[in-house]
Amino acid sequence: MGAYPITIVLIVGGAIALIFLLRFGIRQNARAAAVDPNPDATGALAVLSFVLALILPVIGVVLAHVTLARIARGEASGRVFAYAALWVGYGLFALEVGVIVFLYQSNYWA
């Protein structure tokens, strides 16, 4: 049985959304890199976003975006961890979606 048209639309739409969101994160990282880090700011949120990106990628990515926004305002530190959480989270999320689509198309759940 071939690929279903709705599946192809969902895959292409999801890929475009992931690329858009990752480009937004790259721009956020550039804005955060331009800010001098506050020595009193904590990097706990950035580390938490990285750990969550490994366990629950969607939540880790959202938290990484929030962390990068806070870093750009000078309220937090840990830009490297937050940026790494973006890449790891988006990569793992794409891998999970790819596995689900593969299993769906291969009729493993039928």
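So here's what we get for this one:
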read-out: Heavy-atom accessible surface of the chain: percent carbon and sulfur, 1.4 Å; value: 75
read-out: Angle in degrees between helix 57-72 and the longest Cα principal axis of the chain, rounded to the nearest 10; value: 30
read-out: Kirkwood estimate for the stretch 1-106, i.e. one over the average of 1/r between Cα atoms, Å; value: 14.5
read-out: Simple spin-label estimate for Val9 and Asn107 in nanometres, 7 Å along Cα-Cβ; value: 2.4
read-out: Cα-centre dipole for the chain with unit charges at Cβ (Lys and Arg positive, Asp and Glu negative), debye to 20; value: 220
read-out: Helix-only mean residue ellipticity at 222 nm for the chain, each DSSP H run of n ≥ 4 adding -39500 (n - 2.57), per residue, nearest 500; value: -26500 deg cm²/dmol
read-out: Pairwise Cα inverse-distance average, inverted: Kirkwood Rh of the stretch 51-110 (Å); value: 12.4
read-out: Accessible area per residue, Å², the chain with all protein chains present, probe 1.4 Å; value: 63
read-out: Where labels lie 7 Å past Cα in the beta-carbon direction, separation of Leu54 and Val97 in nm; value: 2.4
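The values are calculated or read from the model by the stated rules, or taken from the named source; none is laboratory data. The structure displayed is predicted, hence computed values, not measured ones. Here Cβ is always computed from backbone atoms with ideal geometry, including for glycine, and neighbour counts include all displayed protein chains. The protein model used for the area step is the full one, side chains on, heavy atoms only, and it has no ligands, DNA or RNA in it. Shrake-Rupley method; radii C 1.70, N 1.55, O 1.52, S 1.80 Å.
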